[in-house]
Amino acid sequence: MFRPTALIISLDGCAPEYLERSDIPNMRRLQRQGRYLIGDAIVPTVTNVNNVSMVTGEYPDKHGITSNCYYDRRRGQEVYMESASHIKAQTVFERLHRMGRRTALLSVKDKLCTLLNRGADIAFSAENPPQWVTEEVGTPPSIYSVEVNAWLLEALRLVQRRCNPQFSYAATTDYAEHKYGPNEEEARRHMELVDDELGRLMEQIPDALLCVTADHGMNEKQKAVNLRMILASACVDAFVVPTVKDRYVPHHSNLSGSAYIYLLDQRQRAKALEILSGTEGVEQILPEEAARVRYHLPRRKVGDFLAFAEEDAVFGVVAEKEVSEVRMRSHGSLHERRIPIMINRSETCERRVLENKDLFSLVLNELGDKCES
Ligand SMILES: [Zn+2]
């Protein structure tokens, strides 16, 4: 009997430019035989927001995740959104579990696994893999390596073979993209490794619905803007949370293309807005209400302002300077919104897929659930 199977693979930080090359034959085949489009990531363009949107099919105003971390005003401290209890919407795993479908979640970083795993029958990360996986696939390479994503996809093939889940979600890490631009040798090697594994996966489960996308893009950044210092020099005290801020500092140094700004004194809103509007590297500054409406953000956790950086700028602290020169790759701004979406079925065209989160309804449809959207 035909047993429908669906997979979503999120290639972390995979801007469409990484796929503009001829030596990734399996992805080329996927694009040619199925459907390939450049879609949109959810704003802000950071990992947690987009992965949660993909596994819930919702915007942040419904699922509650606005960044990797937020500032809790009442307690006066930063809160990392690493646990599933922060997600306010039902996950695809919970929904399918209720229908009696077996599901699997694989991620490179453990923080994504603990965030997304609610309802998943099988869930593990490359940081903390179970023994039955390492016995077959080997010990995973470092999470800060170009090879770790290929390991994850090999583990995914093992899970499909051994556990036969009807839905699997795999999230790679963007270490390679943070470190290397699309034309650098190591980035090319990374995509080749990923492409090889995808080829093997497509061979192993040819009838499955396979969706390959990204959580956000990635761009080169040249200047870091210290918004807190700029506001402080005009006597406006604020707490600034760059949207990529997390505990995994080595590859992005907590420098992000967007930031939430929490004023310590609400009476300084007009003054802060005026300063930020004229600040170098700031492309757009949205008061909380406008940000909520435009980008479907929840009422809490977004501070007083949401600031977006220009394409070559990031917000964060590099040195005790207002603006520092940097040479790095990061995301979080509106310029990392473009993402690839590849689906191995051309007949899925009638269903609207514009953003990575729309793959959710495609999966539910494939597995026989009714989806309203
Ligand atoms: Zn990411």
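Quick notes on this one:
- Normalised radius of gyration (Cα atoms, divided by 2.2 N^0.38 Å) for segment 219-330: 1.00.
- Per-peptide average of other Cβ atoms within 10 Å, ordering 154-161, 77-84, 109-116, 320-327 highest first: 109-116, 154-161, 77-84, 320-327
- Under the Karplus curve 6.51 cos²θ - 1.76 cosθ + 1.60, θ = phi - 60°, whole-Hz ³J(HN,Hα) for segment 110-119, x wherever Gly or Pro sits: 5, 4, 6, 5, 6, 6, 9, 6, 4, x
- Unit Cα scatterers, Debye sum, the chain: log10 I(q)/I(0) for q = 0.13 Å⁻¹: -0.99
- The convex hull of the Cα atoms of segment 1-119, projected and averaged over all directions, covers 9.8 nm².
- Over the chain, relative contact order from alpha-carbon pairs under 8 Å, at least 6 apart, %: 29 percent
- According to the calculation over all Cα-Cα pairs in segment 148-252, the P(r) per 5 Å bin from zero is 2, 9, 16, 17, 14, 12, 10, 7, 5, 5, 3, 1, 0 %.
- Protection proxy ranking, peptides 188-196, 52-60, average beta carbon neighbours within 10 Å, highest first: 52-60, 188-196
- The relative contact order of segment 1-68 comes to 22 percent, based on Cα pairs under 8 Å that sit 6 or more residues apart.
- Student exercise, segment 219-330 dipole from Lys, Arg, Asp, Glu Cβ charges, in Debye to nearest 20: 460 debye
- DSSP beta bridge pairing in the chain, given as percent antiparallel to the nearest 5: 60 percent
Each value in this text was obtained by applying a stated rule to the coordinates, not by laboratory testing. Everything numeric here is computed off the predicted structure, so don't read it as measured data. Neighbour counts are summed over all protein chains in view; Cβ atoms, including those assigned to glycine, are modelled from backbone coordinates with ideal geometry.
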